[in-house]
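S.K.: Shown below is the structure under consideration.
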Amino acid sequence: MPERYDVVVVGGGVAGLSASVFTARADFQTLVLDAGGSILRRNAHLENVPGFPAGIDARQFLDLLGEQAQRAGAERRLATVETVTHRSDGFTVETDAGERYTSDSVIAATKNETSYLSEIDGVGLIDRGKTFVDTDEHGRTGVDGLYAAGRLAEKPHQAVVCAGHGAEVAVTLLTDDDAPFYHDWVVPEGYFTDRGRDLPPGCEEIDADERRRREERARARLRETLADPHPEPPETHPSLTE
């Protein structure tokens, strides 16, 4: 029997990983199928992402984002998706190695590859020299439960834009699931409860000691990651290696 998930994300670049952080943190069982080769790995130095005033190695940034997705609870597997099919009970995702997974929802987050969606009726494709998936402003396609995020949904080819759109698509998916609006805030102890309010969905209150523990873990992790250069150099454009 195929393994079943709430959400399967096709693509392990910035948009797909960002989406998986939010779905996993909302306790949706999430699988990321990553064929590798994110275009971000071609970037010599990433200099336009908020929070890194001197920039950051693009491969380190992508590795950290992948780690964040896994810490949130998402599973990641190296695999190339060959087909996605849709029936009344959800989606079946099959890889070129013959692995099969079923899910309630799929987020397509590949760069421009759309052939794996060819067996689904109702998916609108747009050909502008490269192929994109036709979506509304929040990443919904014409098929219930199927979303597209990032470059595939015609978003500008910038890491921060694709990351933001991946998060927006994930929150849209959560909203479409009829769950209460998902905030995903970590706030100081008493921020809500001292005002006589229940914690909203996806919110957490932490005391000062826990805040300091989390801050120190975050600083230590970044010191560890950024202490040494990334072992892999930037990848070159495929046309230069042919």
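S.K.: Does THR141 meet the test of being closer than 21 Å to ASP89 by Cα, among the β-branched types (Val, Ile, Thr) and in the same structural domain as VAL49 (by the TED database)? Quick ask: steps written out before the conclusion?
M.R.: Numbers: closer than 21 Å to ASP89 by Cα: yes; among the β-branched types (Val, Ile, Thr): yes; in the same structural domain as VAL49 (by the TED database): yes.
So THR141 fits the description; yes.
S.K.: If we keep just the residues of segment 175-201 that are among the aromatic types (Phe, Trp, Tyr) and open to solvent by less than 100 Å² (accessible area, probe 1.4 Å), which is farthest from the chain's Cα centre (by Cα)?
M.R.: The extreme case among them is PHE192.
S.K.: While we're on this one: Taking the conditions exactly as written (in contact with a Pro (Cβ under 9 Å, 6 or more places away or on another chain) and either farther than 25 Å from VAL49 by Cα or open to solvent by less than 80 Å² (accessible area, probe 1.4 Å) (or both)), does THR172 satisfy them or not?
M.R.: no
S.K.: Go through segment 88-129 and give me each residue that's in contact with a helix residue (DSSP H, G or I) (Cβ under 9 Å, 6 or more places away or on another chain), more than 21 Å from THR172 (Cα to Cα) and open to solvent by 70 Å² or more (accessible area, probe 1.4 Å).
M.R.: Of everything in segment 88-129, just one residue is in contact with a helix residue (DSSP H, G or I) (Cβ under 9 Å, 6 or more places away or on another chain), more than 21 Å from THR172 (Cα to Cα) and open to solvent by 70 Å² or more (accessible area, probe 1.4 Å), namely GLU113.
S.K.: Something else about it: Can you say whether VAL161 is within 17 Å of GLY12 (Cα to Cα) and either among the charged types (D, E, K, R) or under 13 Å from the mean Cα position of the chain (by Cα) (or both), as far as the supplied structure shows? Break it down into steps so the answer makes sense when it comes.
M.R.: On the way: within 17 Å of GLY12 (Cα to Cα): yes; either among the charged types (D, E, K, R) or under 13 Å from the mean Cα position of the chain (by Cα) (or both): yes.
In short, yes.
S.K.: Identify the single condition in (1) surrounded by 14 or more Cβ atoms within 10 Å (Cβ to Cβ); (2) of a type in the set (D, E, K, R); (3) assigned to a helix (DSSP H, G or I); (4) not assigned by the TED database to the domain that holds ARG42 that ARG151 does not satisfy, given that it satisfies every other one.
M.R.: If we test ARG151 against (1) surrounded by 14 or more Cβ atoms within 10 Å (Cβ to Cβ); (2) of a type in the set (D, E, K, R); (3) assigned to a helix (DSSP H, G or I); (4) not assigned by the TED database to the domain that holds ARG42, just (4) comes out false.
S.K.: Does any residue in segment 38-56 that is under 16 Å from ARG151 (Cβ atoms) and open to solvent by 60 Å² or more (accessible area, probe 1.4 Å) come within less than 6 Å, Cβ to Cβ, of a residue that is in a helix (DSSP H, G or I) and of a type in the set (Asp, Glu) six or more places away or on a different chain, and which pairs are these?
M.R.: No pair meets every condition.
S.K.: Then there is this: On the given criteria, is ARG59 of a type in the set (Lys, Arg), open to solvent by less than 60 Å² (accessible area, probe 1.4 Å) and part of a helix (DSSP H, G or I)?
M.R.: yes
S.K.: In segment 174-214, what count of residues is obtained for those that are more than 18 Å from VAL21 (Cα to Cα), acidic (Asp, Glu), touching a Phe, Trp or Tyr at 6+ places or on another chain (Cβ under 8 Å) and in a loop (DSSP other than H, G, I, E, B)?
M.R.: Selection size over segment 174-214: 1.
The values are calculated or read from the model by the stated rules, or taken from the named source; none is laboratory data. It should be emphasised that the depicted structure is a prediction, and the values quoted were computed from it without experimental measurement. Ideal geometry is used to build each Cβ from the backbone, glycine not excepted, and the neighbour counts take in all protein chains shown. Surface areas here come from the heavy atoms of the whole protein model, side chains and all, with no ligands, DNA or RNA. Shrake-Rupley method; radii C 1.70, N 1.55, O 1.52, S 1.80 Å.
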